[in-house]
Amino acid sequence: MRDPTPTFVMTAVVYLVLGGVLGIMMPLSRLGSEWTGWEYYLIPSHTHLMLLGWVSMSIFGVAYRMFPAVLTKKLYSIRLAWAHYWIANAALVGMALFFWLNRIQEGRWIVPLALSALLQFAGILIFACNILRTALTPRG
C-alpha cells in the first residue's frame, strides 16, 4: 500500500483553495453584491475547511511521514492511515455542508452535523492510535 502523505497534503491544498473561495465570498457580501448577507452562512464552513481541511490535513500528512522517520520505525499501519484519510474527508465535507445548511434552516441539520463531528473525532482517534502504536512498538 502506498504512502498516504502526498494524498493528505494535496487534499489539504484543495481545502485551502475551497476555504479561500469562501473567504473571498464573505467580504463581497459587504460590497452590495449578489452575495449580500451570506457571510453569516459561510463563516463556519470557511473556518472548518481552513482549519480541519488545510491545517489539520497538512499536519496529519506530514506527521505520518515525520514520526516514523524521527523514531526510525515503520508506521504501525498504513491501512489505518488510509482509513483515517477517508473518514476525515467524509466528516469534513459533511461538517462544511451541514454547518451551511444548519445556518439556513436553524436546527434542522444539527443531527447530521453532530454525526459528522463524531466521525471527525473518530478519525482523530485513529490517527492518535496509529501514531502511538508506532511510537510504542519496539523496533523490529
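The values are calculated or read from the model by the stated rules, or taken from the named source; none is laboratory data. Keep in mind the model is a prediction, meaning the values are calculated, not measured. Ideal geometry is used to build each Cβ from the backbone, glycine not excepted, and the neighbour counts take in all protein chains shown.
Output the residue which, of all residues in segment 53-74 that are under 13 Å from Arg133 (Cβ atoms) and in a helix (DSSP H, G or I), is nearest to the chain's Cα centre (by Cα). Talk me through it step by step, then tell me what you get.
First pass over segment 53-74, keeping only residues under 13 Å from Arg133 (Cβ atoms): 64, 67-68, 71, 73-74.
Keeping just the survivors that are in a helix (DSSP H, G or I) gives 64, 67-68, 71.
Working: Tyr64: 15, Phe67: 20, Pro68: 22, Leu71: 25 Å.
So, considering only residues that are under 13 Å from Arg133 (Cβ atoms) and in a helix (DSSP H, G or I), the one nearest to the chain's Cα centre (by Cα) is Tyr64.
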Is there a residue in segment 56-73 that is β-branched (Val, Ile, Thr), at pLDDT below 95 and surrounded by fewer than 20 Cβ atoms within 10 Å (Cβ to Cβ)? no
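Take segment 107-122 and flag every residue that is of a type outside the set (A, V, I, L, M) and under 14 Å from Leu52 (Cβ atoms).
Within segment 107-122, Ser116, Gln120, Phe121 qualify.
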Pro138: passes all of (1) surrounded by fewer than 16 Cβ atoms within 10 Å (Cβ to Cβ); (2) closer than 21 Å to Phe8 by Cβ; (3) more than 18 Å from the chain's Cα centre (by Cα) but (2)
Selection from segment 56-82 of residues in contact (Cβ under 8 Å) with a residue 12 or more places away in the chain and over 15 Å from Gly123 (Cα atoms) yields Val62, Arg65, Phe67, Pro68, Leu71, Thr72, Lys73, Lys74, Leu75, Tyr76
Checked against (1) of a type in the set (A, V, I, L, M); (2) in a helix (DSSP H, G or I); (3) in contact (Cβ under 8 Å) with a residue 12 or more places away in the chain; (4) over 18 Å from Tyr41 (Cβ atoms), Met95 satisfies every condition except (4)
Just one listed residue, out of Leu31, Leu125, is under 22 Å from Gly20 (Cα atoms) and surrounded by fewer than 16 Cβ atoms within 10 Å (Cβ to Cβ), and it is Leu31
